[in-house]
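What follows is a set of notes on a single structure, which appears directly below.
The values are calculated or read from the model by the stated rules, or taken from the named source; none is laboratory data. Nothing here was measured: the structure is a model prediction, and the numbers come from that model. Glycine gets a Cβ as well: all are built from the backbone with ideal geometry, and neighbour counts include every protein chain shown. For the accessible areas, the whole protein counts, side chains as well, though only heavy atoms, and no ligand, DNA or RNA atoms are used. Shrake-Rupley method; radii C 1.70, N 1.55, O 1.52, S 1.80 Å.
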Amino acid sequence: MKEIEVYVNRLYQHAVGNKKEIKELKDEMCSHLMEAVHELKQEGKSEQEAVHLAIERFGGEAELQLVIGQLFQAQRIFAKRVLYTAIFFLVASLLTIFIIWVDELGNNNENRAIAERISDLLGTQSSITADQQEHIKQLAQSAGQIASIKVYKLDKVERDNGEYTSFNSEGVIPDYQYDTSVPIFEWMDYYYSLDQEWFIHIKSRHFSGMFDAVLVGGLTAYIVLFTIWAIINAYHHRRLNTGWIIVFTLFNAVGYIAYHLIRRKARLNAAG
């Protein structure tokens, strides 16, 4: 019936979304209205009366247009928020990892520089003076990542294994040790033997555990959210199946690019 078709087309004239999905919803609404008209005609109503009554019972045109518009708008907003959240987790985790890496690199370079300054300060002398101890203490305090510095005479920790020389300070009392008050949740040992008379052991703050947590957590959140977004899009395109869900889960953005290219090729073939 032409009047019902015109009515349904007016309801969806401002709907923005997948054309195939909108057409299916329009066809379904037309079907419901046609059934209502048929039932009313069986009750004795004329066709014109049945059409008007069916439309009237179905709901006001303005209200239905608003509901339909809000429905498609909510779907688009939800999908966009999922995608933006996925991108946020990816960017935030990569940025955090980069900041941690830069900080670790700076700490390592500073530890090396401090060890070199201590080695140059002590030179080839056989003992450490009070002034030198104070200087080492100031070096440790100036670095925010150092928990302790231990200085040994090289011959106390040097081990000749024939093919190579190793160093072992376990059980050896250092010639000088200074412990800072830096709170450290994770630490790493750095050992320096700089062709002098001294072996320097620096215990420094380290963020390897945080690095792993940020990397795994951020990428996992991104993969899950991007997969959800890809599934929503494929569902709206009426192309969702188990195969594509597996592809999106395993290959993520690469899988979605493949889906997009295949879908685009299918559309071009259909148009041709």
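With a 1.4 Å probe and every protein chain left in place, tell me how much accessible area ASP212 has, in Å² to the nearest 10.
90
Each residue of the stretch 242-247 in order: what ³J(HN,Hα) in whole Hz does its phi give by Karplus 6.51 cos²θ - 1.76 cosθ + 1.60, θ = phi - 60°, with x for Gly and Pro?
4, x, 5, 4, 5, 4
Would you pull out the residues with amide H under 5 Å of TRP198's amide H, same chain only if 5 or more places away, H placed 1.01 Å from N?
LEU154
Suppose the chain between ALA130 and GLU158 were pulled fully straight at 0.36 nm per residue; how much longer would it get relative to their current alpha carbon spacing? Walk me through the numbers on the way to the answer.
Details: separation 28, 0.36 × 28 = 10.08 nm, distance 2.51 nm.
Net length gain for the segment: 7.6 nm.
Just to check I understand the Karplus step: with θ = phi - 60° and J = 6.51 cos²θ - 1.76 cosθ + 1.60, what whole-Hz values come out for the stretch 186-203, glycine and proline as x?
Once rounded to whole Hz, the list reads 9, 9, 9, 8, 10, 10, 9, 10, 10, 6, 10, 9, 10, 10, 10, 10, 10, 9.
Along the charge dipole of the stretch 71-174, pointing to its positive end and built from +1/-1 on Cβ of Lys, Arg, Asp and Glu, which listed residue (GLY144, LEU122, TRP101) has its Cα farthest out?
Result: TRP101, furthest along the dipole toward the positive end.
For HIS32, what accessible surface area do you get with a 1.4 Å probe? Give it in Å², rounded to 10.
Looks like 100 Å² after rounding.
Highest first, please rank the peptides 142-150, 120-128, 88-96 by the mean number of other Cβ atoms sitting within 10 Å of their residues.
Working: 142-150: 18.8, 120-128: 12.9, 88-96: 15.8.
Result, highest mean Cβ count within 10 Å first: 142-150, 88-96, 120-128.
Compare ILE77, ILE246 by solvent-accessible area with a 1.4 Å probe and give them largest first, with all protein chains kept in place.
Sorted descending by solvent-accessible area, the residues read ILE246, ILE77.
I need the shape label for the stretch 90-168. Rule: rounded when a/c is under 1.5, else prolate if a/b > b/c, else oblate, with a, b, c from the alpha carbon gyration tensor.
oblate
What distance in nm separates the two pseudo spin-label positions at ARG112 and ARG76, each 7 Å out from Cα along the beta-carbon direction?
5.4
Looking at VAL216, ILE262, LEU194, which one has the Cα that reaches farthest to the positive end of the dipole of the stretch 183-271 (charges on Cβ: Lys, Arg +1; Asp, Glu -1)?
Looking along the dipole axis, the top candidate is ILE262.
Which pairs in the list LYS2/LYS80; LYS23/LYS265; LYS23/LYS45 are over 27 Å apart, alpha-carbon to alpha-carbon?
In this structure, LYS2/LYS80; LYS23/LYS45 exceed 27 Å between Cα atoms.
Top to bottom by accessible area (1.4 Å), largest first, where do PHE98, PHE226 land?
Numbers: PHE98 120, PHE226 20 Å².
Putting PHE98, PHE226 in descending order of accessible area: PHE98, PHE226.
Give me the one-decimal nm value for the distance between modelled label points at ASP179 and LEU53, 7 Å along each residue's Cα-to-Cβ direction.
9.3
Need one number: nm distance between label points at LEU105 and LYS45, each 7 Å from Cα along Cα→Cβ, rounded to one decimal.
Taking the simple label geometry, LEU105 and LYS45 are separated by 7.5 nm.
Taking the solvent-accessible surface of protein heavy atoms with a 1.4 Å probe, what is the per residue accessible area of the stretch 170-231 in Å²?
Numbers: 3490 Å² over 62 residues.
I get 56 Å² per residue for this part.
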